[in-house]
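Inspection log for the structure reproduced underneath, given as structure tokens.
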Amino acid sequence: MNSPSAGGYINLPAVVITLLITWLLILGTTESARANAILVGIKVAALSLFAILAIPVMNTSHFEPFMPTGITGMAGAAASIFFAYVGFDAVSTAAEETRNPQRNVPIALIASLAFCTIFYLLVSLGAIGSPLGAQPITGADGSILAPGTLALEQRCRAIAATGTQDPLPCSHEALAHVLRSIGWTRIGNLIGLAATIALPSVVLMMIFGQTRIFFTMARDGLLPDSFARVHPRYRTPHIVTIVTGIGTALGAAFLPVGTLADYSNSGTLFAFAMVAVSVLILRRTDPTRVRPFRAPAIWLFAPLAIIGCIYLYLSLDLIAILVLPVWGVIGLLIYYGYGRSRSYVGRGIEVSDSMNS
């Protein structure tokens, strides 16, 4: 939970942004997509400008050592940003609201993955190769200080007190800090502003994806029928969107963003692993099922996905690892206490497409 020393007990801006995004999602998918396209456009323009200015002046010596924290540190870093894949997953949850989903959804998934991977690499090159470098901060005993810890914060304050330029791991606006260090102060300020403006696009896609999952579950009877109601004017699942938005706002209000990210990573990794397990099981138990989306070489990629998800899950902080079983138990209680006996699919009842009907 936030404290007065960290800026207060409630993160009010996060609450306001979350509620505005919830309202936008209620207005309609098209309106949300347009707003998201604008925000993503701002983000892509800012990242492209950063890469254009930073990469030509990078110092390759700053890449040594290449993995200062070893394989363990690399896996922990990968696990800490895995929640980004929820954005890719949101593409699949929007399949029912997509024209020609058999063609467009796979293209969107692969293209977005490739696009984001390229930008990750370009931004990393510019940041690590900058005059600031991006090597970890060490303590007085030479040990590497973990991100988000009090020890790192105190060390960064001590460095700042000497009057020297803040190292990149100490900055709260890394890309803007890099551009200022190479003489592009005004553009760095603009990129910092662009990052602030474009950040809600991530929140929008995550809430959108979650509401569609809840909507599908409710339509199958796993959640109350009210969650599957569609607004008569906007044609969006407004009730489940409101509930999801309020829950998200409460989490954003009282929990640090790093904590929320780790909790999200824990659940996302588990969900991805279970999808891979479920696909393998269905291939054996229901081989004649209609499969509108192809998954070639599934007996190779699904086991690799399961192993990778488990490895990254075990690379998370202990608290994040322990949160998953708690949420899992709550989910099982809801399923066996409410959803299992009410599932339309389980009872052989055909489910209608209420959003597109």
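The values are calculated or read from the model by the stated rules, or taken from the named source; none is laboratory data. Model, not experiment: these values are computed from the prediction. Neighbour counts are summed over all protein chains in view; Cβ atoms, including those assigned to glycine, are modelled from backbone coordinates with ideal geometry. Heavy atoms of the whole protein, side chains included, go into the accessibility calculation; ligands, DNA and RNA do not. Shrake-Rupley method; radii C 1.70, N 1.55, O 1.52, S 1.80 Å.
What ranking of 266, 124, 341 comes out by heavy-atom accessible area, probe 1.4 Å, highest first?
341, 124, 266
Among the trypsin sites (Lys or Arg not before Pro) within region 241-339, those in coil by DSSP and having at most 16 neighbouring Cβ atoms inside 10 Å are 289, 294. For region 174-246, the relative contact order works out to 19 percent when only alpha carbon pairs closer than 8 Å and six or more residues apart are counted. Considering only 63, 208, 227, the Gaussian network model of the chain with Cα springs below 10 Å gives its largest mean-square fluctuation to 63. With Cα atoms defining each centre, region 28-78 and region 121-171 are spaced 18 Å apart in the structure. Multiplying each eigenvalue of the alpha-carbon gyration tensor of the chain by 5 and taking the square root yields semi-axes of 39, 23, 22 Å, largest first, rounded to whole angstroms. Rounded to the nearest 10 degrees, the angle from helix 70-80 to the longest Cα principal axis of the chain is 50 degrees. Spacing of the modelled spin labels on residue 172 and residue 235, each 7 Å from Cα toward Cβ, amounts to 4.3 nm.
Do the sum for the chain: with -39,500 (n - 2.57) for every DSSP H run of n ≥ 4, divided by all residues, what is the mean residue ellipticity at 222 nm, to the nearest 500 deg cm²/dmol? Before the final figure, lay out each step's value.
Details: 13 runs with 224 residues, N = 357.
So the calculated ellipticity at 222 nm is -21000 deg cm²/dmol.
With axes computed from alpha carbons, what is the tilt in degrees of helix 318-334 against the longest principal axis of the chain, rounded to the nearest 10 within 0 to 90? Taking the Cα atoms of the chain, the angle to 318-334 is about 10 degrees.
Taking one quarter of the surface of the convex hull spanned by the alpha-carbon atoms of region 313-353 gives a direction-averaged projected area of 4.4 nm². Rolled with a 1.4 Å probe across the full set of protein chains, the surface gives residue 184 an accessible area near 110 Å².
Loop only by DSSP, 11 or fewer other Cβ within 10 Å of the Cβ. Give me the trypsin sites (Lys or Arg not before Pro) in region 228-272 that pass, ordered by residue number.
Numbers: sites: 229, 233, 235; in loops: 229, 233, 235.
Qualifying residues, ordered by number: 233.
Over the chain, with every protein chain in place, what whole percent of the accessible area is carbon and sulfur at 1.4 Å, could you tell me? About 69 percent, which is the carbon plus sulfur part of the accessible surface. What's the angle, to the nearest 10 degrees (0 to 90), between helix 185-198's Cα axis and the longest principal axis of the chain? Value to nearest ten degrees: 20.
Rolled with a 1.4 Å probe across the full set of protein chains, the surface gives residue 234 an accessible area near 70 Å².
All Cα-Cα distances of region 239-325, cut into 5 Å bins from zero to the largest, leave 2, 13, 17, 16, 15, 12, 13, 8, 3, 0 percent in each bin in turn. Scattering from region 72-213 was approximated by placing one identical point on each alpha carbon and applying the Debye formula without solvent; log10 I(q)/I(0) at 0.12, 0.15, 0.20 1/Å stands at -0.67, -0.94, -1.30.
Radius of gyration over Kirkwood radius for region 203-355, both on Cα atoms: the Rg/Rh ratio is 0.98.
Per residue, the solvent-accessible area of the chain (1.4 Å probe, heavy atoms of protein chains only, all protein chains present) comes to 59 Å². For region 290-349 versus region 256-282, the inter-centroid distance based on Cα atoms is 7 Å.
Considering Cα pairs under 8 angstrom that are at least six residues apart, work out the relative contact order of the chain and quote it in whole percent. Don't skip to the end; give the middle numbers.
Values: 376 pairs, mean separation 90.1, N = 357.
Averaging sequence separation for qualifying contacts and normalising by length gives 25 percent for the chain.
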